[in-house]
1. Which number comes out as Rg/Rh for the chain once both Rg and the Kirkwood Rh are worked out on C-alpha atoms?
2. Shape of the range 276-354 from its Cα gyration tensor (a ≥ b ≥ c, root eigenvalues): rounded if a/c is under 1.5, otherwise prolate when a/b > b/c, or oblate?
3. Which entries in the list 37/268; 90/223; 93/167 go over 32 Å, if you measure between the two C-alpha atoms of each?
4. Could you give the dipole magnitude of the range 56-193 about its Cα centre, charging the beta-carbon of Lys and Arg +1 and that of Asp and Glu -1, in debye to the nearest 20?
5. Cross-link partners among aspartates and glutamates for residue 226, C-alpha distance below 12 Å, same-chain residues fewer than 8 apart left out?
6. Residue separation times 0.36 nm, minus the C-alpha to C-alpha distance between residue 223 and residue 161: what's the value?
7. Sequence-distant or interchain residues sharing an amide H contact under 5 Å with residue 63, placed H: which?
8. Please list, in chain and number order, the residues 5+ apart from residue 260 or on another chain whose amide H is under 5 Å from its amide H, with Hs placed from the backbone.
Amino acid sequence: MAERAALEELVKLQGERVRGLKQQKASAELIEEEVAKLLKLKAQLGPDESKQKFVLKTPKVNDRRILDGMFAICGVSDSKFRTICSSVDKLDKVSWEEVKNEMVGEKGLAPEVADRIGDYVQQHGGVSLVEQLLQDPKLSQNKQALEGLGDLKLLFEYLTLFGIDDKISFDLSLARGLDYYTGVIYEAVLLQTPAQAGEEPLGVGSVAAGGRYDGLVGMFDPKGRKVPCVGLSIGVERIFSIVEQRLEALEEKIRTTETQVLVASAQKKLLEERLKLVSELWDAGIKAELLYKKNPKLLNQLQYCEEAGIPLVAIIGEQELKDGVIKLRSVTSREEVDVRREDLVEEIKRRTGQPLCIC
């Protein structure tokens, strides 16, 4: 830990040095040299093990009719159905004891009723749990619950045929409280990878949820006909937030462009040459661009590539023009090679995985 702290301090100091040189408008060569030192220090530091990593969790499945039947046999009145659903649905975030205290202390449910609910909602599994509940002496006598369990059994039969039955969990704690669901309800959530072997993964929230609602569309039909519907909503904002955290943990940059190569210049008065080369690359089917500033600094052009995630830079200089070559630079490794101009297209395609020209 002490070694890491010392490295972090060195990274901080080197970062301050780089920023200071930029403010002083130091030479591009000096700044690039100091930036290279900074990156080397960051490489020694390595990834921060405390950063979060995310993986997909098994989607959860339940059925509104099973919930109705379960609450009915446990003694929940119709007037309390929605509010008790809301409490049960928190079980992926808090303990059963906290959920029970909320139902009894805040929502006036009898303790024995809450205990009966707890016997059910703490169960989760696959088709074997469906079979077990079909044999439950109380739940199997409830018509709604029996219908829901029958449909879930059929669902798992289909899942087995597709070979994905192990990808879905039947979870009795899934109790979405919206009144319009009439059948199956489901959600997909993300988990944080366990810090150590044997630890339970930690939930980081639902990213998609939905269910079946056969009565909703019929509300807008003058004849009131039932229209079978299944819907799903996706938490786009939450997904973006998690993706950003994941990329930050992996120290990866989000590419903001599909550009494969930036055409850059090392000296002033080479705008025409840059325009000429970028046109050649476009004609060859290569995604290229350039900064349209007349005389951009080389460092600014290289920094633009790093920020946008552009993998290659084709650098034109006065000496390169005389020698008939282009300096091709890898943005990540900072390695540079001189490539003959007539070979540039093939070299870029080779590096970016594009099909080569067969002549």
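The values are calculated or read from the model by the stated rules, or taken from the named source; none is laboratory data. Since this is a predicted model, take the numbers as computed values, not measurements. FYI the Cβ positions are ideal-geometry reconstructions off the backbone, even for glycines, and counts take in every protein chain you see. With ligands, DNA and RNA removed, areas are computed over all heavy atoms of the protein, side chains included. Shrake-Rupley method; radii C 1.70, N 1.55, O 1.52, S 1.80 Å.
1. Details: Rg = 30.6 Å, Rh = 26.0 Å.
Rg divided by Rh gives 1.17.
2. Working: a/c = 1.30, a/b = 1.11, b/c = 1.18.
In terms of gyration-tensor shape, rounded.
3. Among 37/268; 90/223; 93/167, the Cα-Cα distance tops 32 Å for 90/223.
4. Values: 16 positive and 22 negative charges, 41 e Å.
The calculated dipole for the range 56-193 is roughly 200 debye.
5. 214
6. Working: separation 62, 0.36 × 62 = 22.32 nm, distance 3.80 nm.
18.5 nm is the gain from fully extending residue 223 to residue 161.
7. 185
8. 287, 288
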